[in-house]
Every structure is written in structure tokens, then in C-alpha cells.
Amino acid sequence: MSGTNIILEKVSLVIIGGGPAGLAAALEAKRRGLSDILLIERDQQLGGILNQCIHTGFGLHYFGEELSGPEYADRFSLAFTTAGIACLLETHVLEITPDRILTVISPQGIRQIAAGAVILAMGCRERPRGALGIPGTRCAGILTAGLAQRLLNLQGLMPGHSVVILGSGDIGLIMARRLTLEGAKVEAVVELMPYSSGLTRNVVQCLQDYEIPLLLSHTVVETHGRERLTGVTIAPVHPQSQKPDLAQARFIACDTLLLSVGLIPENELSLGAGVVLDPATRGPRVDQSLGTSQPGIFACGNVLHVHDLVDDVSREAEQAARSAVAFLNETDSPGRPCEPSSLLPVLAGPGIRSVVPQLIARDRTPETIRLAFRPARVYRAASICLRDSQGQLVLKSRRRILTPGEESRLEIPAGHWPAVTAGHWQLSIEE
Ligand SMILES: Cc1cc2nc3c(=O)[nH]c(=O)nc-3n(C[C@H](O)[C@H](O)[C@H](O)COP(=O)(O)OP(=O)(O)OC[C@H]3O[C@@H](n4cnc5c(N)ncnc54)[C@H](O)[C@@H]3O)c2cc1C
């Protein structure tokens, strides 16, 4: 976007998003001695999605305490304000160019900012109903679990009284409990896969403790109702083909269907900046510095890959900030594109759905690398194996249980730094 009357300001580091990722990144950059930082948030307040997560379960790893979402966010917001870091609220970043010119809009108008480095921390969004294609009418009473959470927790509006939840992601599980506590009857949580896609602790604490049925290997095949939802038809699915068995379909009367069917990184700005995305995570493809394919553009938090725990988001954001500061100081070369020969791809092999980082830049200072990965299915007593292109074992770690609902990690100590100059590493699960 261009305009003769738009002033171009210059800022060393711009962070997009004032959720836990953006806040932790800003604070770490400040701790590293950078003063020229600007955080941009489209909402009226800082804290991101945590503001609507009034349940506890946040901060066990980072603070060693069990906090609610707003409490966790407040700790960072307070530190952020005390540190005197510049911030624009109610300001939406519309576009980033590959050379880091941002176009932003706010009630004050449009402005452009030239950034020395950018940290993407825009979070993720929920997969909507349209992405599922369930047959039926487009009546009221069908909404995503996150929207229902926002209505209930921030606006005091009850989304419905008899509820079916499609998908057993964490937001759906949390909302099953929340709606029950508010007096609704949650008829069932219906999950396509033969396992829950949420954390085990949420299945226990949000469903089992309240005797809410979890119907695995089931799906909603039709919605009913004209003005308002009157019920849904559900059916079991074949475990392999996932085709519904309509002969066993049954009707459940309900006035609300909540969708908790996955999260997608907010990737429009990344795409506009020419950042290469990973087809599995749908977030930017990064190396261990969390640098994207565009020099000086880093990513962290749910915009990079969907996290289960906010504690991991905060730690990852701190890493992105350290890399951005090093890029600005030119003390190392994170965030600068490497020669292809110095980039070692880390591939998701058998049993692995996605892995982050997807690249290891060999020309960086060796340090411990934490690979975050999601298993493709449930494994018990299995090994995570990292092998080189010749199939030689680099690292192996035994795990009691691995499930797609829980992102796992494998630490590669600096001593295992790739010696080879070609090929790839492959992460797989071996039984
Ligand atoms: C319902 C729910 C329950 C959860 N429960 C737990 C739990 O019990 N324990 C736990 O540890 N974790 C939990 N999590 C996970 C944790 O809350 C998230 O991992 C974390 O909030 C992600 O942080 P983020 O900063 O990446 O994204 P967000 O919190 O989504 O923040 C992103 C920010 O970027 C802003 N933004 C986006 N685009 C733009 C733009 N173009 N311009 C300006 N600003 C922009 C958004 O407004 C938002 O404020 C839960 C998450 C959800 C959704």
C-alpha cells in the first residue's frame, strides 16, 4: 500500500500481537538491551486469547504456580508496562512487505513503519464450520467453541442450554465443563478420531469428572432446525476410512452445536511477506533461531505452530526475541537466509505429523535445539528416533505414551551438532 501523505516511521523491532508470545518477546528483547521496540495489538487490551480463558491450568512450568489465563497474562502485561515498552492498541497490521515495511490501521488512521526486525506473534484462529461441510440448515446455535467461550466469559451471554460439542480439542473440553458449571446440559462430545485431540488432563478434569460422554470414532452427519438448532444426527465412523456408518446414525436433541475442530495459525501477514509456510503446521517454516525464510522476520507462539501450553509459548517467544536482537546487533546470523548447503532439513518421518523447527542452520553457534513435534496417532512404549540421511541413529528417546493431543519435545544437545554437509535428518516414531 502506498500514499503520499503516509509518514514512514522507523523502529528497530516491531512485534505483531500482544498475546503471551508478543509480550514475552518484547520483555526479553528489552532485557537483552534493546530499547527501540514497538508492540502492535489490534484488540483494546493486551493478553490475547488468555483474557477469555478464566479456568486455571496456566503457568505451572513457567511460574511453578497454577494461574488462570487472565492472571498469567496480567503478570506479563504488568512487567511490559513497567518496562516502558511502546505499544499501539486497537491497531491492526494490514500488511508486511518482504523488506519489513508494515502498513497499520488504527482509529487515528493509516501509517507505515519500517522495521529493522519483525517478530510475528499473531496467534491462531479456529477452523469454522464451512471447513467441515456438515449437511443441514444454516440456523442459529452453531458456533465455534472459542466464540462460545468469549460470549460466556467476557460478555456474560449463555450460548445455549442443551449442547453437543463436535471435536475434542482443548477448547471444546474446557467449554464442556464451563457450560455444565453454568447450568447447561452437555449431551456429548463427539470425536472423529479414536482418541481425544485434547490434553489427557482436560479429558479427565472436564469430561470424566462431570460424567459427560466422549463418543470417539463418531461424527455429526447432519444438523436440524430452521430458525434455531433443534438437534444433530451423529454416526459412528469406520476407524480407517473415517466414513460414517449411517445405518447406526442417531438423533440427539440439542439447541447448540459447538465446533472444536482445530486451530490454524493466522498466516495471512506471513504469506504477504513472502514467508514460506510448512504444510503440516500451516505456520512459517523456521530454523532453530525461529527465523523465517525472510531475513529479519521471526515467528513464535501459535502463529508458528499450535501449542498446548502457554508456558511453552512464552519460552519460545524469548528465543525469537534473542534471535531478533542478535540479528539487529549482527552478533550472529539468525534470521538471515543461509546458503542451501548450510541448511539441514528436519523431516517428519513415519509416525510424526509435524515438527518445528523444520531446518537447522549449520553456520550458527552450536546450542541445544528443542524439536517440538506432534505424533500422527497414539503410541505406547515407543521410541522417538532422529536419523541422518544414511539411516544412522543420531538420537533416541524412549517414551511411555505419545498422543496427537499433546505436543512432545526432543532436545538435541549441542554435542550432536550436524557434522555432515548434505542430506537431512528425519524424526520418526519406532515401536
Ligand atoms: C480455549 C483455550 C484454552 C486454553 N487452555 C490452556 C491451559 O489450560 N493451559 C495452557 O497453558 N494453555 C492453554 N491454552 C493455550 C494458550 O492460551 C495459547 O497457547 C496462547 O494464548 C497462545 O499465545 P499467542 O500469543 O501465540 O496467541 P494469542 O493469545 O492468540 O495472541 C495473539 C494476539 O495477536 C493479535 N493479532 C493477531 N493478528 C493481528 C494483527 N494483524 N495486527 C495486530 N494484532 C494482531 C491478536 O489480537 C491477539 O491478541 C488455551 C488456549 C485456548 C484458546
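A few remarks follow.
- Here the Karplus curve 6.51 cos²θ - 1.76 cosθ + 1.60, taken at θ = phi - 60°, turns the phi angles of region 242-256 into couplings of 6, 7, x, 8, 5, 4, 9, 5, 9, 8, 10, 6, 6, 9, 9 Hz, with x standing for Gly and Pro.
- Summed side-chain charge close to residue 385 - residues other than residue 385 whose Cβ falls under 9 Å, Lys, Arg +1, Asp, Glu -1: +1
- Sequence of 78, 157 from largest to smallest accessible area, 1.4 Å probe: 78, 157
- Computed label-point distance, nm, for sites residue 157 and residue 271 using a 7 Å Cα→Cβ extension: 2.8 nm
- The length gained by stretching the chain between residue 414 and residue 250 to full extension, at 0.36 nm per residue less their Cα-Cα distance, is 53.5 nm.
- Reach of residue 185 by Cα under 12 Å, taken over aspartates and glutamates that are not fewer than 8 positions away in the same chain: 211, 255
- Total formal charge among the other residues, if their Cβ is under 15 angstrom from that of residue 70, Lys/Arg +1 and Asp/Glu -1: -2
- Between residue 396 and residue 35, the simple label model (points 7 Å from Cα in the Cβ direction) yields a spacing of 5.5 nm.
- Value at 222 nm in deg cm²/dmol, rounded to 500, when DSSP H runs of n ≥ 4 in the chain each add -39,500 (n - 2.57): -5500 deg cm²/dmol
- Rounded to 10°, Cα long-axis angle of helix 69-82 versus longest principal axis of the chain: 20 degrees
- Most simply put, the chain has about 60% antiparallel DSSP beta bridges, counting only bridges with both residues inside it.
- Counting only alpha carbon atoms, the long axis of helix 145-155 and the longest principal axis of the chain meet at about 90°.
- Sulfur and carbon atoms: percent of accessible area, the chain [1.4 Å]: 51 percent
- Its alpha carbons considered, region 339-431 gives a radius of gyration followed by a Dmax of 12.9, 40 Å.
- Distant alpha-carbon pairs in the chain (separation over 36 angstrom), percent: 31 percent
- Over the chain, accessible surface divided per residue gives 44 Å², non-protein components excluded, 1.4 Å probe.
- Proximal lysines relative to residue 30, as straight alpha-carbon distance under 17 Å, when same-chain residues fewer than 8 apart are discounted: none
- All Cα pairs of region 134-235, percent lying beyond 23 Å: 22 percent
- Residues residue 330 and residue 226, FRET efficiency given R0 of 56 Å [Cβ-Cβ distance, rounded to 0.05]: 0.30
- Subtracting the Cα-Cα distance of residue 68 and residue 8 from 0.36 nm times their residue separation leaves 17.6 nm of extension gain.
- For region 280-431, DSSP calls about 90 percent of its internal beta bridges antiparallel.
- Among 137-144, 12-19, the peptide with the highest mean count of other Cβ atoms within 10 Å heads the list, and the full ranking is 12-19, 137-144.
- Helix 20-31 and the longest principal axis of the Cα set of the chain meet at an angle near 20°.
- Of all DSSP beta bridges in region 128-261, antiparallel share, percent nearest 5: 40 percent
- The gain in end-to-end length when the residue 381 to residue 368 segment is fully stretched comes to 2.2 nm, 0.36 nm per residue minus the alpha carbon separation.
The values are calculated or read from the model by the stated rules, or taken from the named source; none is laboratory data. Treat the numbers as computed from the prediction; the structure is a model and nothing was measured. No Cβ is skipped: glycine too gets one built from the backbone with ideal geometry, and neighbour counts run over all protein chains shown. These area figures cover heavy atoms from the full protein model, side chains too; ligands, DNA and RNA do not enter into them. Shrake-Rupley method; radii C 1.70, N 1.55, O 1.52, S 1.80 Å.
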